[in-house]
Amino acid sequence: MDVNANGEDTGGERAEIHFLAALLDELMRKMLASGVLTKADMNQIEQAVAQRIGGSPRAW
């Protein structure tokens, strides 16, 4: 991934992260719709990720 001279991420890196986030969101929605995961499973995943990165979890 690209960073500038100050060590900050670039537009290309941000675009890649947004693409991966959208892809993961679609995969999770498909898994929920097909019954592979429940809403409770999805919320547990969101909670674990939020704790790991220091954000707020989304509710499914």
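The values are calculated or read from the model by the stated rules, or taken from the named source; none is laboratory data. Please read all numbers here as calculations on a predicted model, not as lab measurements. Ligands, DNA and RNA are excluded from the accessible area calculation, which covers all protein heavy atoms including side chains. Shrake-Rupley method; radii C 1.70, N 1.55, O 1.52, S 1.80 Å.
Quick one: angle between helix 39-53 and the longest Cα principal axis of the chain, in degrees between 0 and 90, rounded to 10, please.
Around 30 degrees separate the two axes.
For the chain, what is the mean residue ellipticity at 222 nm derived from helices alone (per DSSP H run of n ≥ 4: -39500 (n - 2.57); sum divided by total residues; nearest 500 deg cm²/dmol)? Don't skip to the answer; put the middle values down first.
On the way: 2 runs with 38 residues, N = 60.
Calculated from helices alone, the mean residue ellipticity at 222 nm is -21500 deg cm²/dmol.
How far is helix 11-33 tilted, in degrees, relative to the longest principal axis of the Cα atoms in the chain, given as a value from 0 to 90 rounded to the nearest 10?
Helix 11-33 sits roughly 10 degrees off the main axis of the chain.
When N counts the residues of the chain, how does its alpha-carbon radius of gyration compare numerically with 2.2 N^0.38 Å, as a ratio? Before the final figure, lay out the partial values.
On the way: Rg = 14.6 Å, N = 60, 2.2 N^0.38 = 10.4 Å.
Ratio of Rg to 2.2 N^0.38 Å for the chain: 1.40.
Of all accessible surface on the chain at a 1.4 Å probe, what whole percent is carbon and sulfur?
On the way: 2730 of 4750 Å².
That share works out to 57 percent.
Write down the accessible area per residue of the range 10-53 in Å², having rolled a 1.4 Å probe over the full set of protein chains. Mind dumping the intermediate values first?
Details: 3380 Å² over 44 residues.
Ligands and nucleic acids excluded, the result is 77 Å² per residue.
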